Amino acid sequence: MVIEWTEVSSHCVVVNVPGDFGPEVVELGDALGSLEDDGFLGVVREGIVVRFLDAPDPAAEELFGC
């Protein structure tokens, strides 16, 4: 079977920025990706969709010890 889902992760970090910093004029997403400590707090998996295949895929991962 094929399983699709979305992961939403939570993060929190304390950073130093220049005195004239304006979060609305910078690309925060790219900048946050460059931090060494990503402040990971947790993840939620949502929107799980399952589709069954007509035949097993020999290259597929095993789930639940099949």
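Which pairs turn up if I take residues in the stretch 40-66 that are within 24 Å of V8 (Cβ to Cβ) and look for partners that are open to solvent by 100 Å² or more (accessible area, probe 1.4 Å) and outside any strand (DSSP E or B) with beta carbon separation below 8 Å, at least 6 apart in sequence or on another chain?
From the stretch 40-66, the pairs are V50/M1; R51/M1.
When you scan the stretch 32-66, how many residues do you find that are more than 28 Å from V2 (Cα to Cα), of a type outside the set (S, T, Y) and open to solvent by less than 100 Å² (accessible area, probe 1.4 Å)?
Of the residues in that region, 5 qualify.
Is it the case, given these coordinates, that G29 is open to solvent by less than 80 Å² (accessible area, probe 1.4 Å) and touching a Cys at 6+ places or on another chain (Cβ under 7 Å)?
The answer is no for G29.
The values are calculated or read from the model by the stated rules, or taken from the named source; none is laboratory data. Please read these numbers as outputs of a predicted model, since none were measured by experiment. Every residue, glycine among them, receives a Cβ derived from its backbone with ideal geometry; neighbour counts consider all protein chains shown. Only protein heavy atoms, including side chains, enter the accessible area calculation; ligands, DNA and RNA are left aside. Shrake-Rupley method; radii C 1.70, N 1.55, O 1.52, S 1.80 Å.
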